[in-house]
Amino acid sequence: MSHVLGLDVSTTATKAVLLDAEGTVHAASSPGYTFETPQPLWSEQDPQLWWDGTITAIRGALAASGVEGDDVEAVGLAGQMHGLVALDRHDDVLRPAILWNDQRTEAECDVIRETIGRDRLIAVTGNDALAGFTAPKLMWVRRHEPDVWSRIAHILLPKDLVRLRLTGDHAVDRADGAGTLLFDLAARDWSAEVVDALGIDSAWLPTTYEGPAITGSISAEAASATGLRAGTPVVAGGGDQAAAAVGVGAVGPGVVSLSLGTSGVVFTATDEPLIDPEGRLHSFCHAVPDRWHVMGVMLSAAGSLQWFRDALAPGVAFPTLVDEALGAPPGSDGVLFLPYLSGERTPYPDPHARGAFVGLAARHGRPHLTRSVLEGVAFGLKDSLELMRTVGVTGFDEIRATGGGSKSALWRQILADVLEMPVMTTSSSEGAAQGAAMLAATGAGWFADVPDACRTLVTSGERVEPSPADVYRERYAQYRSLYPALAPTFRSIS
Ligand code: XUL
């Protein structure tokens, strides 16, 4: 039977998903990898990890499923957004990739706002200059690494380096392209105005494509590395959030996709560009042709739990740790956790924000701390959901959860209680990689369009109803009071 393959080049591993026309999935991941923080506020990764991870994941998925490389009809890509990959004219990587959760570029964001004008920047790109986006990273390289700058011949986003290694093409989908801050949001392509104003050579920029469009095909060299067939078409795919939204069927207004990966995201599709004039929410192109989306992004969601486990419960499996949290009551008996471990984006675009446990007493133990981490992340996501309502995104009545953290029933219940809305899972157990496979299936002609693929392939999973939990309203109000009170201290610490 024919299959399509989706890849997700994430911050923690590369995943491959094989999907058939009946919606059956086989997934395999590379061994996990981490990112480096060589200096405060920095976050970098060696792009070689992504290519090695791609080969292992594709070979793993083919072996585990028994599917032959020849039976894979198309490949789709998804991946961590906003990262800067700088290449020389031989397509060799010039420096480690600067990732989405890197926060070094506060000064460059100011320069971008001054150069273009903040209101104009938001009107054209849909977004304010935020430290995690790609354009300020380029400005940082120009100022701090002139030798690297002088040798740049191409820039790519992380998953598009994998595309280059698979097909030899410099290309990007429009969802990920919009996350560079160099896009004209309404025109769905590079903004000559912004690119020129920032002194960026437009020849460096990859060609842009809609999510299901074919950008190239697997080269003979990549075929021998991965086991795929040379000539297999590769579609554009999407940034991981847009691809994950396709995976859960969040392709039109009225459905909210909530992703609990390293980052935490609430996302909804729009028929037109919907711009927050204050630039607090992100407004990007969707991986669905002629659709857009708004989203709020917290930088450490499941990443907070991973940090907590590694630092305070090393060696404890996540399910064991989360089960332990059931030993603490809703509201964690007064312990509050601020999840700003990598600074924050939504609702506080503050590179200097820091994490905190507040309200500790001698009677508290690890279950309270663990539960407060799960609750703190839910409060952070509620901040974004409230902002969405503020800018006029309404009319949704359920949340579709995706990402590694959503596999926890307790976390889903906490989310339902804090957000006061039902939270459901879908057949999309494999997140962005599954969405990328659905974009490949659309590109291969299995479906008329992406919504048609979603109608056919996305089915409902478990639905968690919110339970009345006044304690969470009270805790949320307390949580909201903490950042304004602590921000000056965070800045002086940073
Ligand atoms: C989205 C974002 C993160 C990364 C994580 O704006 O920065 O979700 O894409 O992979």
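The values are calculated or read from the model by the stated rules, or taken from the named source; none is laboratory data. Keep in mind that this is a model prediction, so the values were computed, not measured. As a convention, Cβ positions derive from the backbone with ideal geometry for all residues, glycine included, and neighbour counts pool all protein chains shown. Side chains included, ligands, DNA and RNA excluded: accessible areas come from the protein's heavy atoms. Shrake-Rupley method; radii C 1.70, N 1.55, O 1.52, S 1.80 Å.
Can you give the relative contact order of segment 3-242 as a percent, counting alpha carbon pairs under 8 Å and 6+ residues apart?
Computed value for segment 3-242: 21 percent relative contact order.
Hey, how many Å between the Cα centroid of segment 161-205 and the Cα centroid of segment 418-460?
Taking the Cα centre of segment 418-460 as reference, the centre of segment 161-205 is 26 Å away.
Mind grabbing the accessible area of Val316 for me, 1.4 Å probe, Å², rounded to tens?
That residue has around 30 Å² of solvent-accessible surface.
Can you pull the accessible area of Arg143 for me, 1.4 Å probe, Å² to the nearest 10?
Looks like 150 Å² after rounding.
May I ask you to give the average projected area over all directions of the convex hull of the Cα atoms of the chain, in nm² rounded to one decimal?
Values: hull surface 83.7 nm².
If I average the Cα hull's projected area over directions, I get 20.9 nm².
Measuring from centroid to centroid over Cα atoms, what is the spacing of segment 311-389 and segment 64-141 in Å?
28 Å
Considering only protein heavy atoms and a probe of 1.4 Å, how much of the accessible area of the chain is carbon and sulfur, as a whole percent? All intermediate terms of the calculation are to be shown ahead of the outcome.
Details: 8700 of 17000 Å².
Carbon and sulfur together cover 51 percent of it.
Place the peptides 427-436, 215-224 in order of packing, highest mean first, counting for every residue the other Cβ atoms within 10 Å and averaging per peptide.
Details: 427-436: 29.8, 215-224: 18.0.
Top of the packing list down: 427-436, 215-224.
Local charge sum around Tyr340 (other residues, Cβ-Cβ under 9 Å, Lys/Arg +1, Asp/Glu -1)?
Numbers: positive: Arg354; negative: Glu344, Asp350.
Surrounding charge for Tyr340 is -1.
Where does each of Arg363, Arg463, Arg165 land when they are ordered by accessible area, with a 1.4 Å probe and the largest first? The partial results should precede the final answer.
Numbers: Arg363 160, Arg463 125, Arg165 80 Å².
Ranked from most to least accessible, the order is Arg363, Arg463, Arg165.
In Å², what does the accessible area per residue of the chain work out to with a 1.4 Å probe? Don't jump to the answer; show the numbers that get you there.
Values: 17000 Å² over 494 residues.
Accessible area per residue: 34 Å².
When the C-alpha atoms of segment 328-376 are aligned to their principal axes, what extent does each axis show, in angstrom, from largest down?
On the principal axes, segment 328-376 reaches 34, 18, 13 Å in Cα extent.
May I have the extent of the alpha carbons of segment 3-242 along their three principal axes, as whole Å values ordered from largest to smallest?
56, 38, 30
Can you give the helix-only mean residue ellipticity at 222 nm for the chain, where every DSSP H stretch with n ≥ 4 adds -39500 (n - 2.57) and the sum goes over all residues, rounded to the nearest 500 deg cm²/dmol? Walk me through the numbers on the way to the answer.
Working: 17 runs with 191 residues, N = 494.
My calculation for the chain gives -12000 deg cm²/dmol from helical runs alone.
Taking the radius of gyration and the Kirkwood hydrodynamic radius from Cα positions alone, what is the Rg/Rh ratio for segment 187-274, to two decimal places? Spell out each step's value before the answer.
Values: Rg = 17.0 Å, Rh = 16.1 Å.
So for segment 187-274, dividing Rg by the Kirkwood Rh gives 1.06.
Rounded to the nearest 10 Å², what accessible area does Glu324 have for a 1.4 Å probe in the complete protein model?
Spelled out: Glu324, probe radius 1.4 Å, area about 60 Å².
Label 7 Å along Cα→Cβ of Ala487; segment 271-293 residues with amide nitrogen under 17 Å?
Backbone N within reach: 278-281.
Taking only Cα atoms of segment 1-145, what ratio of Rg to Rh do you get with Rh as the Kirkwood inverse-distance radius?
Details: Rg = 18.7 Å, Rh = 17.2 Å.
Result for segment 1-145 is an Rg/Rh of 1.09.
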